[in-house]
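Here is the structure we will look at, set down as structure tokens.
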Amino acid sequence: MQPAPARPRARRAAPPAFALALGLAVLACDEPRAPAPGASASAPAAPAPEAAASAAPAPSAAPAPATAQAAKREMPPRPVPIGSSGPIQPSAPAEQQMMAIQYTLAMVSPQPTDPLVDKAYLEGILPKLAAAARTADKGKTPPDPVKATKGNRKIEVDMGKGCTERTPSNLLAQRAGSSLQAAYDAGILVVSCHDSLWECHQSTRDPDDVLCHAAPRR
């Protein structure tokens, strides 16, 4: 009687530790590889939307409106700064004297933004200034001392003596019951006094803009 054939031995199950290591290896093959440290440092990063926007050049400032540019009054060079009335002496350089002439002409030149001449105001203020000039004059007052010139944009007050940088505004405010602002609102741009030596031009646009120069009366 022959012996029974030997049964093949069943394979032993893989140890749990070996199976776990094998699974991790398979998963490692499926995961994307991380870039090398050197490659990530050298590759430029895509800019964020905010960073890209901030890198764009800022738009240039819009030009000033035409009305604002027109409102700005262009004046020729002044022989002395505003706040100083001079006076420009007869011995001053010819260039400085020419600057004074050009500046005082520009003071009385109307601009589009200046008010129109109020003839009623003009007719009322001229006799008041004439009486004021006779009272304030320290010399002999000429006949008909007050007149409107330059297209009624300037009031000239002739005096015998005593014309200073404060005389035009003082005549208006203290003796004629008016003011530089009221004169400007009526279209008067300059009030001046003129004695035997000097002429002082007072702007009604700017109370600080007064310029005196030598102007002997002929």
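Table: residues versus (1) at pLDDT 95 or above; (2) polar (S, T, N, Q).
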position	(1), (2)
Glu123	yes, no
Pro142	no, no
Val146	yes, no
Gly151	yes, no
Glu156	yes, no
Met159	yes, no
Leu172	yes, no
Ser178	yes, yes
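Only one of the numbered conditions (1) out of contact with any strand residue (DSSP E or B) (no Cβ under 6 Å at 6 or more places or on another chain); (2) in a strand (DSSP E or B) is not met by Gln202, and that is (1). With respect to being closer than 17 Å to Tyr121 by Cβ and touching a residue at least 12 places away in the same chain (Cβ under 8 Å), Leu171 fits the description.
Within the stretch 116-158, the only residue that satisfies the criterion of being without any contact (Cβ under 8 Å) to a residue 40 or more places away in the chain, basic (Lys, Arg) and in contact with a helix residue (DSSP H, G or I) (Cβ under 8 Å, 6 or more places away or on another chain) is Lys147.
Across the stretch 160-175, what is the total count of residues that are in contact with a Gly (Cβ under 7 Å, 6 or more places away or on another chain) and either assigned to a helix (DSSP H, G or I) or surrounded by fewer than 17 Cβ atoms within 10 Å (Cβ to Cβ) (or both)? So the count comes out to 2.
Picking from residues in the stretch 134-156 that are buried (at least 16 other Cβ atoms within 10 Å of the Cβ) and of a type in the set (Gly, Ala, Ser), the one that is nearest to the chain's Cα centre (by Cα) is Ala148.
Just for the stretch 177-199: of the residues that are assigned to a loop (DSSP other than H, G, I, E, B) and among the aliphatic types (A, V, I, L, M), which one is surrounded by the most Cβ atoms within 10 Å (Cβ to Cβ)? It would help to see each step written out before you state the result.
Taking the stretch 177-199 and keeping what is assigned to a loop (DSSP other than H, G, I, E, B), we get 177-179, 186-189, 195-197.
Next, from what is left, pick out any that are among the aliphatic types (A, V, I, L, M): 186, 188-189, 197.
On the way: Ala186: 20, Ile188: 27, Leu189: 25, Leu197: 14.
Restricting to residues being assigned to a loop (DSSP other than H, G, I, E, B) and among the aliphatic types (A, V, I, L, M), the top hit is Ile188.
Here Val117 qualifies as crowded, with 16+ Cβ neighbours inside 10 Å, over 18 Å from Cys200 (Cα atoms) and modelled with pLDDT of 95 or more.
Assess whether Gly187 counts as being more than 26 Å from Ile88 (Cα to Cα) and either modelled with pLDDT of 95 or more or of a type in the set (D, E, K, R) (or both). Outline the logic, then answer.
Details: more than 26 Å from Ile88 (Cα to Cα): yes; either modelled with pLDDT of 95 or more or of a type in the set (D, E, K, R) (or both): yes.
Answer is yes for this residue.
The condition of being within 17 Å of Ala214 (Cβ to Cβ), of a type in the set (S, T, N, Q) and surrounded by fewer than 16 Cβ atoms within 10 Å (Cβ to Cβ) holds for only one of Gln111, Gln102, Gln97, that being Gln102. Among the residues of the stretch 127-139, are any of a type outside the set (Asp, Glu) and in a loop (DSSP other than H, G, I, E, B)? Taking every residue of the stretch 127-139 in turn, at least one turns out to be of a type outside the set (Asp, Glu) and in a loop (DSSP other than H, G, I, E, B).
The values are calculated or read from the model by the stated rules, or taken from the named source; none is laboratory data. Here the structure is a predicted model, which is why all the values come from computation and not from measurement. We place every Cβ from the backbone using ideal geometry, glycine too, and count neighbours over all the protein chains shown.
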